[in-house]
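S.K.: Could you have a look at this structure, given as structure tokens, before my questions?
Only the coordinates and a few stated rules stand behind these numbers; no lab work does. Note that the structure is a prediction, hence the values are computed from the model and not measured. Positions of Cβ are backbone-derived with ideal geometry, glycine not excepted, and every protein chain shown enters the neighbour counts.
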Amino acid sequence: MATGSYNLGAIVRIPVQVLINGIPANSVPIIEKIIKPNGQTISGLPSTATILDSTSSTYYYEFVPDVIGDYIAIIKTNYDNKDYYSYENFTVSSSSNIKSAPRAEPR
């Protein structure tokens, strides 16, 4: 699943929802690793995700990318003594590549 596109230096928020048979599970996901476009990994991982909403078992992990390109986040959740893995991918681009539309202003 893709989480979108971000500018270099922006905070990337990776959302994770833990469901078992469609029902929110009480299991905190772990961000195992984030692989940069150059094949290196983000330091400081694995790390547990932060709770966003306990009712829906929704979590997130934030970091600031330092390389332009496509990233892959590998996420592990343990439930009933079994590990389950999922992934998220996203793209980071240079802010200089972003074109803004002209503003319409009254004269």
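S.K.: Percentage of Cα-Cα pair distances in the chain greater than 24 Å, rounded to whole percent?
M.R.: 33
S.K.: What are the aspartates and glutamates whose alpha-carbon lies under 19 Å from the alpha-carbon of Lys76, with same-chain residues fewer than 8 places away excluded?
M.R.: Glu32, Asp53, Glu62, Glu88
S.K.: Test of understanding: ordering Lys36, Lys82, Lys76 by Cβ neighbours within 10 Å, fewest first, what list do you get?
M.R.: Working: Lys36 17, Lys82 7, Lys76 14.
Ordered from fewest to most neighbouring Cβ atoms within 10 Å, Lys36, Lys82, Lys76 come out as Lys82, Lys76, Lys36.
S.K.: Sticking with this structure for a sec: Amide H to amide H, which residues 5 or more places from Ala25 or on other chains are under 5 Å from it, using H placed in the peptide plane?
M.R.: Result for Ala25 returns Val18, Leu19, Ile20.
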